[in-house]
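Engineer: Questions regarding the structure given below will be posed in turn.
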Amino acid sequence: MFTLTSNKLVNRTVKFSIAAVVLATASVSAQADEISVTSTFQTLEKNISQASQEMIATAKQEFMLSLQTQIAQQVYDINTSVAQTSIIEPELNRSAIAAQTAENK
């Protein structure tokens, strides 16, 4: 009977040891997974942050280029308008002087 009890005790001890080894292994792998997940999230956060900064810099640069283009276009339009006015005004003055001269005769 002592042998049966000893066998049961040994069986329980072996089962308990196996369960403890399985739990310890699972715990270690869970910690490894946690470390792996943490480093993965840190890497993702770093990459997203870097991509966001690059997108903001690109958007800022495109905005500045757009403003410069619009300003250049407006300056060109104003210069063209001023040039046309300076060409048209002398012609109008000549026409007005010619009309007054014709009236005076």
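Read the figures in this text as sums done on the coordinates, not as results from a lab. Source: prediction; values computed, not measured. With ideal geometry, Cβ positions are generated from the backbone for all residues, glycine too; neighbour counts draw on all protein chains shown.
Engineer: Given a Förster distance of 41 angstrom, what is the FRET efficiency for Thr13 paired with Asn47, based on the Cβ-Cβ distance and rounded to 0.05?
Structural biologist: The pair Thr13/Asn47 has a calculated efficiency of 0.25.
Engineer: Grab the beta carbon distance between Ile56 and Tyr76, set R0 = 25 Å, and tell me the FRET efficiency rounded to 0.05.
Structural biologist: FRET efficiency, Ile56 to Tyr76: 0.25.
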